[in-house]
Amino acid sequence: MKKLLALVLATTLTAASLAGCGGGASNDAPAAATEASGGGTAAAAPAAADGSLQLAVTTGDGSTSDDRIPTPWYNRILATNLMFRGLFLADSTLTEVEPDLAETYEVSDDGLVYTITLKDGLKWSDGEAITVDDVQWSIETALEAAQINSIYTAAFKAIDSIATDGNTITLTLAEPYAAMLDVLAQFAILPKHSLENADPLKLESDPFWTAPVTSGMYALDELNVGNYFTLKVNENYEGQAPKIEKVTCYFVSDYVTAAQAGNTDYVYGNAADLVEALQGMDNFSAHEVDVLFYKYFIFNMKGIDGNENPAMQNVEVRKAIIEAIDRATLATLYPTANVLNSGVPNSDEAYNGFEYTFDAEKAKADIAASGYDMSRTLKICYYNNDQTSIDLINTVVYYLQQIGLTVEATLSNDGTTDLFTTRDYDIGFKGKSSFSIDEWYTEYMSTDGLFANIFGGDTSFDALVADLSKAVDKEDRNAVLTELQALEQEKVYKVPVFTVGTYVFTSNRVNIPEGVEFCNPLYMCDLDFENWELAQ
């Protein structure tokens, strides 16, 4: 396989174009590896010299920019995890929680009523009280927000009513939602008094994020637009104060460059070039993290606005395209990749055994028989420009050319807009660092704010996804997953290529407490950060 891949890469022209995929779009969970070149890695910030921990915030995927603090409602990266808290705090598996802003909680026997009491005396960094009104406003606003992780909207849609009384908030669900506590542990509560007049559809770009009010260990100290922001200890934080008094967060486009320049003490990713580069640096230690990170193809078919892409309507066309691509060879590009055929990993007991088979000759015959217009240019859109992603796309272009297609691949600098709003493409390639298998399937829901724009708001999956969300018993859950796999393999709206493992790298400038286990780096868990120390 590696010999074939080498031949492909040696004979294929670079597929990337910096023109963008005709526009922009948001992406749910970026690959979190090396995203683009350039950025603020050379910013003249007072970092190592002043004894601060250094972090890197990537700007290459369109999920954030270098003129504001990124919203924690999109990805829970370490920089913002230090600033914003949730009602609960998860363990490294993201499936066990303990109170954080909450003091106590109780769940009714039928799983429909969650009674949560906040700690007394909680304050925002500006001195205002943190109250149940902030919690209620945050949940209700999340349901209206345009750029937000789908795990929140999927869970909060199950809430029928919210009631508050003193320091207690009661969430009453219309139907059970098995992962509600786990989701609440990821959901950052935001200050109502600072954001209640903001437009939920543009919340992530509100001026608030240039000087945010925070609830965590740290508050914003300085924002140097285009370069970095610094954090100082939040004097109103009621928990144990962190031993590290200052954090400098550089806006970067490339984690590897940031690490080589000494501008970050913490890096995460899964691209082969990133892992190889960081493993080759003596001043970094690797921590392998078991996560459900999907790499997958999506097809641009029809938006809920009625804007249809005629070329991808025929399911036989979509099947032929997948037949033409050797996904096992693509998997060799990553250090730890496992090919899969649905949202359920092949190793999972719920996997239904279906396989997408690589067969170039059959694909060539099937694409011809489908009536596809062979004279048109098939367009691929992708948003990661690390070398591993570029090599993968080049290889996909090669495979599709072998069955007679004319192919154009374009690198987007704003994946979310290009994939889900402008939609000038046929096939999208993206990554998703998934909270659970459920998150893979919620993308099929007709109400998904992003994917309804390319799947046309098809309601076929809605009832099954709802059944999955409330299935607590393993047998019931596996039965629903079996039905969902059959449906997604019939529709072929999106096709997984493989899952990849993720690595967290920490520099030798940092002493991490014994026993700390890293979790999926795009979510939040207890890292005992208050006891992290800078090496003397």
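Brief remarks follow.
- When the Cα gyration tensor is reduced to axis lengths a ≥ b ≥ c, the ratio a/c stays below 1.5 for segment 178-259, which is therefore classed as rounded.
- Gyration tensor verdict on segment 84-195 (Cα atoms; rounded if a/c is under 1.5, prolate if a/b is larger than b/c, oblate otherwise): rounded
- Å² per residue, accessible surface of segment 417-536 at 1.4 Å: 34
- Solvent exposure of segment 68-218, expressed per residue, is 37 Å² of accessible area, with all protein chains present and a 1.4 angstrom probe.
- Prolate/oblate/rounded call for segment 349-445, Cα gyration tensor, a/c under 1.5 rounded: oblate
- Computing FRET efficiency as 1/(1 + (r/R0)^6) for residue 370 and residue 279, where r is the C-beta to C-beta distance and R0 is 45 Å, gives about 0.50.
- With R₀ fixed at 45 Å, the C-beta to C-beta distance from residue 243 to residue 205 puts the FRET efficiency at about 0.85.
- Heavy-atom accessible surface of residue 529, to the nearest 10 Å², is about 10 Å², with a 1.4 Å probe and all protein chains retained.
- Dipole of segment 308-357, positive direction: furthest Cα of 317, 347, 334, with charges on the beta-carbon: 334
- Calculated mean residue ellipticity at 222 nm for the chain: -7000 deg cm²/dmol, from DSSP H runs with n ≥ 4 weighted as -39500 (n - 2.57), summed, divided by the residue count and rounded to 500.
- The chain: angle of helix 132-142 to the longest principal axis, Cα-based, in degrees nearest 10: 10
- Taking every protein chain into account, the accessible area of segment 289-377 amounts to 43 square angstrom per residue (probe 1.4 Å).
- Helix 387-402 axis, angle to the chain major axis (alpha carbon atoms, nearest 10°): 20
- 0 to 90° range, to nearest 10: angle between helix 360-369 axis and the chain longest Cα axis: 80
- Restraint check, 319/430; 432/474; 379/491; 157/432; 192/494; 470/494, Cα-Cα greater than 27 Å: 192/494
- Highest-first arrangement of 156-162, 337-343, where packing means the average Cβ count within 10 Å: 337-343, 156-162
- Computed label-point distance, nm, for sites residue 196 and residue 509 using a 7 Å Cα→Cβ extension: 4.2
- Probe 1.4 Å - accessible area at residue 302, Å² to nearest ten: 80
- Here the accessible area of the chain is 45 percent carbon and sulfur, with a 1.4 angstrom probe and all protein chains present.
- Percent of beta bridges antiparallel (DSSP, the chain, rounded to nearest 5): 80
- Solvent-accessible surface (1.4 angstrom probe) belonging to residue 532, in square angstrom, nearest 10: 0
- Theoretical FRET efficiency, 1/(1+(r/R0)^6), r = Cβ-Cβ of residue 96 and residue 315, R0 51 Å, to 0.05: 0.80
The values are calculated or read from the model by the stated rules, or taken from the named source; none is laboratory data. A quick note: this is a predicted structure, and the numbers were derived from the prediction, not measured. Backbone-built Cβ (ideal geometry, glycine too); neighbour counts: all protein chains shown. Note: accessible area is taken over every heavy atom of the protein model, side chains too, but ligands, DNA and RNA are not part of it. Shrake-Rupley method; radii C 1.70, N 1.55, O 1.52, S 1.80 Å.
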